[in-house]
């Protein structure tokens with residue numbers, strides 16, 4: 001009997017350990033997908049106009065129709081706490097039909113905080129909702145870039161904010177090279193920030209003379225482990241490059257957001273990511 005009791009106790013202890021491990025795994029999984037974090041960067045540039053010293057950009061990317069709190073209250077609160085001068089949304093805001101209410105709920109709250117600028121991602125075009133989204137954004141007070149740009153002015157000085165359409169856009173749209181040629185012809189060599197959804201064009205941005213590029217698309221590599229740049233890329237390749245954080249090529253800086261929502265594959269060790277960038281003049 002004593003031996004039998006000992007065996008039963010060991011089995012019970014084993015089941016308790018397994019249960020605790022499952023609970024811990026569930027909590028970790030929930031934390032990885034539900035707890036919003038803020039990645040903050042301070043970027044110094046010699047050619048940044050002095051009046052833009054301290055200018056702050058909050059970047060949101062790859063929302064994928066995901067909500068954080070009722071009407072995205074937790075997301076909006078986090079953005080507001082950063083006190084941004086502008087908010088940049090770098091694509092994949094939605095990924096399917098019938099998601100217009102998501103946009104109509106979120107965008108009016110964001111434009112109350114700061115001017116909102118948007119460029120398309122691959123999912124808006126793939127699901128056939130891109131043109132409707134552009135219309136909704138415009139009606140809600142946001143700027144939807146379609147391979148164009150806007151001057152941001154402070155105390156009589158300007159920087160250029162450029163929005164490059166996702167490659168899944170219209171087949172006859174201008175290239176990013178043509179876009180930047182037009183910008184340079186009109187505005188000279190002003191400090192330039194480019195919004196572009198995809199994360200694999202650092203060398204191209206450098207060749208085009210972009211000072212700061214804000215991108216997304218990679219979802220942080222979906223699973224992040226120590227000493228990796230994310231495990232899985234947007235095309236399901238292993239150990240991709242440029243999945244999150246700051247990358248440089250010469251004087252060009254590219255910031256890649258880990259994104260906020262998820263599509264197909266949930267996150268692990270890779271919390272939803274609000275990016276906050278402060279520009280400083282050297």
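The values are calculated or read from the model by the stated rules, or taken from the named source; none is laboratory data. Because the structure is a prediction, the values reported are computed rather than measured. Neighbour counts are summed over all protein chains in view; Cβ atoms, including those assigned to glycine, are modelled from backbone coordinates with ideal geometry.
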Checklist line | Selection within the stretch 266-282 - within 11 Å of the chain's Cα centre (by Cα) and in a loop (DSSP other than H, G, I, E, B) | finding: 272
Next item on the list: Starting from residues that are within 17 Å of the chain's Cα centre (by Cα) and without any contact (Cβ under 8 Å) to a residue 60 or more places away in the chain, keep the ones in the stretch 43-76 and report whichever is surrounded by the most Cβ atoms within 10 Å (Cβ to Cβ).
Entry: 72
Item checked: Selected residue [assigned to a loop (DSSP other than H, G, I, E, B), over 16 Å from residue 194 (Cα atoms) and modelled with pLDDT under 90] from 263, 242 -> 263
Checklist line | Elements of type helices (runs of 4 or more DSSP H) in the stretch 89-171, at least 1 residues being buried (at least 19 other Cβ atoms within 10 Å of the Cβ), under 16 Å from the mean Cα position of the chain (by Cα) and in contact (Cβ under 8 Å) with a residue 12 or more places away in the chain | finding: 100-111, 122-126
Checklist line | Which listed residue, of 265, 206, is under 19 Å from residue 41 (Cβ atoms), assigned by TED's automatic domain parsing to the domain that holds residue 63 and in contact with a strand residue (DSSP E or B) (Cβ under 9 Å, 6 or more places away or on another chain) | finding: 206
Check: Within the stretch 245-282, can you find the residues that are without any contact (Cβ under 8 Å) to a residue 60 or more places away in the chain, in contact with a helix residue (DSSP H, G or I) (Cβ under 8 Å, 6 or more places away or on another chain) and buried (at least 18 other Cβ atoms within 10 Å of the Cβ)?
Finding: 247, 252, 254
Check: Any residue in the stretch 230-242 that is out of contact with any strand residue (DSSP E or B) (no Cβ under 9 Å at 6 or more places or on another chain) and either buried (at least 24 other Cβ atoms within 10 Å of the Cβ) or within 19 Å of residue 165 (Cβ to Cβ) (or both)?
Finding: yes
